[in-house]
Amino acid sequence: MTPVTVRVPAKVNLQLSVGPPKADGYHDLVTVFHAVSLFDEVTVAPADRTSVGVTGEDAARVPSGRANLAVRAARALASAARRRQDSSAVRIEIRKRIPVSAGLAGGSADAAAALVACNELWQAGLSLGELREIAASVGSDVAFTLLGGTAVGQGRGERLTAALTSGTYHWVLAFASGGLPTPEVYATCDRLRAARAAGAASGAVPQPELDTGLMAALRSGDPAAVGPLLSNDLQAAAVSLRPDLRRTLAAGREHGALGAVVSGSGPTCAFLAADARRARELAVSLSGAGVCRAVAPVQGPAPGAAVLAGERG
Ligand code: C5P
């Protein structure tokens, strides 16, 4: 069996509306996922025992062994495809460009890539629908990075409907140093809401709803219409945990971004630009302003997890 390499995108959330906490510790979401052209690459090859190696961005911060989502995905696929244990061990090599714990679904992306790569390596023949079901059992964002493009996510984020959009959107991602643990950001969001509710007449957190104005703007292909409609219910929590993000967001707006939002649970900030040239200019300005660790101009929507040509088994 020849090794198989899969390329998989990062995501930003154009809308992230979070409902009240549920008994299982999760929150009902309505989110608009958008895959962007910042990719990890994952190679799988047969081995005597399953292991994972990571190179590139933030490599030292990626968990190894069973705590790694790509390892969990490979195991879940082996069990769904009813492979014998002695023939389902793989070496997983992850080349990371997506920062870790950054609100960009980097770990989920590697899991999605491992699913597609092992399905190909083992010629297991599972459909995209079957892969999506396994993906949802591994993590909330795995199903989306498998699909790519732009999609509305509901439930925990795993129930997806592809969205109609026009054109290409040009973004600048501003990476922070260090990450934010997703459970802590959700818990902080709950706490901030509870504190606010204590001083208000009606405290109930409403069920999340899709922003139809944002969907219309995305269909129009006009970044100036999309920019002001970007929203994220986790942003206040992320900013309270990382107050330096306030400066980053303000700097993006000052330098002409059409929209500025924390991506997912943060700390990455995403800025929408009018076109590729303005995105490059904004990236240079943000770098110069010293408000982030690094910047990356990217485009969306990007395709989901896909086997790289010439790498098929
Ligand atoms: O599903 P995943 O493992 O990616 O979720 C990480 C954490 O994010 C969960 O343990 C939970 O604390 C939080 N989460 C949530 N509601 C969601 C998705 C994630 O509370 N819909």
What about ARG196, is it closer than 23 Å to LEU241 by Cβ, surrounded by fewer than 19 Cβ atoms within 10 Å (Cβ to Cβ) and either in contact with a Phe, Trp or Tyr (Cβ under 9 Å, 6 or more places away or on another chain) or at pLDDT 95 or above (or both)?
no
Could you pull out the residue among THR43, THR31, THR5 that is part of a strand (DSSP E or B), within 16 Å of the ligand (Cβ to nearest atom) and open to solvent by less than 50 Å² (accessible area, probe 1.4 Å)?
THR31
Evaluate the following for THR188: is it of a type in the set (Ser, Thr, Tyr), assigned to a helix (DSSP H, G or I), open to solvent by less than 30 Å² (accessible area, probe 1.4 Å) and in contact with a Pro (Cβ under 8 Å, 6 or more places away or on another chain)?
no
Could you tell me which numbered condition ALA187 fails, if it satisfies all but one of (1) within 13 Å of the ligand (Cβ to nearest atom); (2) touching a residue at least 60 places away in the same chain (Cβ under 8 Å); (3) hydrophobic (A, V, I, L, M, F, W, C)?
(2)
Scan region 109-131 and give yes if some residue there is touching a residue at least 12 places away in the same chain (Cβ under 8 Å), open to solvent by 20 Å² or more (accessible area, probe 1.4 Å), in contact with a Ser or Thr (Cβ under 8 Å, 6 or more places away or on another chain) and within 16 Å of the ligand (Cβ to nearest atom), otherwise no.
no
Among (1) open to solvent by 50 Å² or more (accessible area, probe 1.4 Å); (2) within 14 Å of the ligand (Cβ to nearest atom), ARG82 falls short only on (2)
In contact (Cβ under 8 Å) with a residue 60 or more places away in the chain and either open to solvent by less than 10 Å² (accessible area, probe 1.4 Å) or not in a loop (DSSP other than H, G, I, E, B) (or both), is that true of LEU245?
yes
Hey, any hits in region 290-301 for a residue that's closer than 30 Å to GLY125 by Cα, open to solvent by 20 Å² or more (accessible area, probe 1.4 Å) and not hydroxyl-bearing (Ser, Thr, Tyr)?
yes
Suppose we keep only residues that are on the phi < 0 side of the Ramachandran plot and either open to solvent by 30 Å² or more (accessible area, probe 1.4 Å) or in a loop (DSSP other than H, G, I, E, B) (or both) within region 140-158. Which one would you say is farthest from the ligand (Cβ to nearest atom)?
LEU147
Extreme residue, farthest from the ligand (Cβ to nearest atom), among residues of region 161-184 that are within 15 Å of LEU29 (Cα to Cα) and more than 14 Å from the chain's Cα centre (by Cα):
THR161
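Conditions (1) among the small types (Gly, Ala, Ser); (2) crowded, with 17+ Cβ neighbours inside 10 Å; (3) modelled with pLDDT under 95; (4) in a helix (DSSP H, G or I), marked per residue:
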position	(1), (2), (3), (4)
LEU160	no, yes, no, no
HIS170	no, yes, no, no
PRO183	no, no, no, yes
ALA201	yes, no, yes, no
ALA224	yes, no, no, yes
GLY227	yes, yes, no, yes
LEU249	no, yes, no, yes
VAL261	no, yes, no, no
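The values are calculated or read from the model by the stated rules, or taken from the named source; none is laboratory data. Please read all numbers here as calculations on a predicted model, not as lab measurements. No Cβ is skipped: glycine too gets one built from the backbone with ideal geometry, and neighbour counts run over all protein chains shown. Just the protein is used for accessible areas: all its heavy atoms, side chains included, with ligands, DNA and RNA removed. Shrake-Rupley method; radii C 1.70, N 1.55, O 1.52, S 1.80 Å.
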